[in-house]
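S.K.: Sharing a structure here in structure tokens format.
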Amino acid sequence: ITSRNLGSFISFLSRPYTYRYHHSFFLVLSFDRSLCLCVCISASSTCTCHIDCSTFTSTMSLVPVPDPPADAATPVASQTNDVRDQPANLQGILNWVLSQAPDATPSQDTLASMDASKREFLQNVLSSMQGRDHMSAVKEALTTLNTAKDMSTEQVYDALEIISEECEDLNVAQDFITMKGLSPILVMLTDSRDSEVQWRAAQVITSVVQNLIPAQEACHQLAVVPHLVRLLPSQSQKLRLKVIGALSALIRGLPLLMEDFEAVPNSLDTVLVYGLQTGSTRVQLKTLVFFRHLLQYNHTYSDKFKERDVIVKVCEIVEASNDAQVWEHALHLISNIKLHRGKQFDMPQQFQTAALERRQWILSQDESDQAPHREELQFMMRLFGSA
């Protein structure tokens, strides 16, 4: 914001207005013609301030300022101030704006004389914009888990869900690992006999390890993979679903985690029986994706799949299903196996017949009805050639 374009961020509309400027979003809330609340949301911070607008003409409006061209030689920061000079706290944003527009001066009298209801609303909005302390929520949840014997079942559920949700943020996940937060999660996973606790713990692992090497290393050190595989024979389909999801996230990380999976006796057979050959479509879908990841990160699984008749078993599951997603993921897996096995790939004749009949059925539909099957048709093209 500069003195040249400060007026562009002042709105006298009676309703909130959202405005995008470069890579930040400004939510401008107007209360009267002399005081305005401006909220700036960027990738790195959220700032709020109230601006004395009495020195600006009431005819100013929120004029869009276009983004600079992608190939522009001058970076955005140089068009205003160096980003390092911009304050990251809520109070500092006002001083910074005023330093760019020396003619604008804050008026304490304006705020003091404001209608009480407007002032209360403004104060509530400013308070809410302070943002939630995400790590405080995670720490409180960990305290709950560490004293689980004294807590209700619902409190333990809530604590695990809070950690899972917050750790989707990489920064929070990093701090969580630094705090050794995985240890109580592993206790929930292995010591609890409540499948509702166990699947929530597995979900936490999925949230934490994605794209975070320190979390993946911690899972290797804590032998998380073997513990997950041992939970697959559970009668809970929800737990199986979350366990396979966690395994899928883990083996896409460190090669050591793939080795951990392979070191578990009969690990692939266990996933076959309790993942693929189950009555749950959701678990089957998650298993098909897991198999595809196994093959992607370790090409030798094309031979292992052959040895265990995985292709035959997948084909049997698909032939009995009319679910478009099951067909799509199965065809994706089979086409990848064919790619790796080349001339050694053997397509079960019964499945080929069923797939070609399904393609003919899809192509006989109206174009709008074919749209949900677009991926299926692409994988069929890869497997069988053009129709």
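The values are calculated or read from the model by the stated rules, or taken from the named source; none is laboratory data. The model shown is predicted, which means the values in this text are computed figures rather than measured ones. Note: ideal-geometry Cβ built from the backbone for every residue, glycine included; neighbour counts use all protein chains shown. Each accessible area value is taken on the protein alone, full model and side chains, heavy atoms only, with ligands, DNA and RNA left out. Shrake-Rupley method; radii C 1.70, N 1.55, O 1.52, S 1.80 Å.
S.K.: How about segment 257-269: which of its residues are crowded, with 16+ Cβ neighbours inside 10 Å and among the polar types (S, T, N, Q)?
M.R.: Of everything in segment 257-269, just one residue is crowded, with 16+ Cβ neighbours inside 10 Å and among the polar types (S, T, N, Q), namely SER267.
S.K.: Still on this structure, please answer the following. Where the second residue is part of a helix (DSSP H, G or I) and of a type outside the set (Gly, Ala, Ser) and the first is closer than 13 Å to LEU232 by Cα and touching a residue at least 60 places away in the same chain (Cβ under 8 Å) and lies in segment 252-271, which pairs have Cβ atoms under 7 Å and are six or more apart or on separate chains?
M.R.: Pairs found: none.
S.K.: Which of the residues spanning segment 334-357 are part of a loop (DSSP other than H, G, I, E, B), out of contact with any Ser or Thr (no Cβ under 9 Å at 6 or more places or on another chain) and hydrophobic (A, V, I, L, M, F, W, C)?
M.R.: The answer is MET347, and nothing else.
S.K.: Still on this model: Only one residue in LEU142, LEU160 is at negative phi, in contact with a Lys or Arg (Cβ under 6 Å, 6 or more places away or on another chain) and at pLDDT 75 or above, so which one is that?
M.R.: Every option except LEU160 fails the conditions.
S.K.: Next up: Quick check: is even one residue across segment 298-305 under 22 Å from ALA354 (Cα atoms), at pLDDT below 95, open to solvent by less than 10 Å² (accessible area, probe 1.4 Å) and not aliphatic (A, V, I, L, M)?
M.R.: Yes - at least one qualifying residue is present in segment 298-305.
S.K.: Hey, which of the helices (runs of 4 or more DSSP H) in segment 189-256, taking only ones fully inside, have at least 2 residues that are open to solvent by less than 50 Å² (accessible area, probe 1.4 Å) and closer than 19 Å to ALA159 by Cα?
M.R.: So the answer is 195-209, 237-251.
S.K.: Scan segment 356-369 for residues that are touching a Leu at 6+ places or on another chain (Cβ under 7 Å) and of a type outside the set (D, E, K, R) and jot them down.
M.R.: ILE362
S.K.: For LYS286, work out the one condition from (1) over 22 Å from GLU376 (Cβ atoms); (2) open to solvent by 20 Å² or more (accessible area, probe 1.4 Å) it doesn't fulfil.
M.R.: So LYS286 meets the others, but not (1).
S.K.: From the list LEU339, LEU333, LEU356, pick out the single residue that is of a type outside the set (Asp, Glu), open to solvent by less than 50 Å² (accessible area, probe 1.4 Å) and at pLDDT 90 or above.
M.R.: LEU333
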